[in-house]
Amino acid sequence: MQTHPIRLFPGDDLRVALEDVLSQRGLQAAFVIQGIGSLSVAQLRFAGNEDPTELRDDLEILTLAGSLSPDGAHLHMSVADPRGRVLGGHVGRGCLVHTTAEILLALLPEHRFSRERDPSSGFMELVIRRKPPVE
């Protein structure tokens, strides 16, 4: 495992930037260990809903965690608005960084992640495979 800190800048799309990390580094597996920062727009899909809800405000990222695979990201985030109300859910595309986002990734070069339909849940779920050793 290798750690990889990232800083995102105003206007960056949080999810898109994280999904791009794997292809830029030629990897197939990573975890987001933690993230903090601020957003001007958050796209959160709440449990039981199919579509994300758009939040527009000065939002603080309190937590950010999840997995990254070549098939995309599975991220959860909690944010607080200026009144201290906290909402959380699945991170969608369109979460725009307001001032900064500071994120720590765990890169897993010895693994390959993919998302495949799980017959028991009916959802695309994480499948973890070890890469064969390079000779």
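Here, each number is a calculation from the coordinates, and none is a lab measurement. Just so it is clear, the model here is predicted, and its values are computed rather than measured. Don't worry about glycine lacking a Cβ; one is built from the backbone with ideal geometry, like all the others, and counts go over all protein chains shown.
Between segment 40-102 and segment 18-32, the C-alpha centres lie 19 angstrom from each other.
The eigenvalues of the Cα gyration tensor, multiplied by 5 and square-rooted, give segment 25-75 an equivalent ellipsoid with semi-axes of 22, 15, 9 Å from largest to smallest.
Taking all Cα pairs closer than 8 Å and separated by 6 or more residues, the relative contact order of the chain comes to 33 percent. Summed over qualifying helices (DSSP H, 4 residues or more, each -39500 (n - 2.57)) and divided by its residue number, the chain shows a 222 nm mean residue ellipticity of -3000 deg cm²/dmol.
Among Leu39, Pro10, Gln28, whose Cα sits farthest toward the positive end of the charge dipole of the chain (+1 at Cβ of Lys/Arg, -1 at Cβ of Asp/Glu, about the Cα centre)? Comparing the listed Cα positions along the dipole, Gln28 ranks first. Counting only alpha carbon atoms, the long axis of helix 14-25 and the longest principal axis of the chain meet at about 20°.
A simple charge model with +1 on the Cβ of Lys and Arg, -1 on the Cβ of Asp and Glu and nothing else charged puts the dipole of the chain at about 280 debye relative to its Cα centre. Based on the convex hull around the alpha carbon atoms, the chain presents an average projected area of 8.6 nm².
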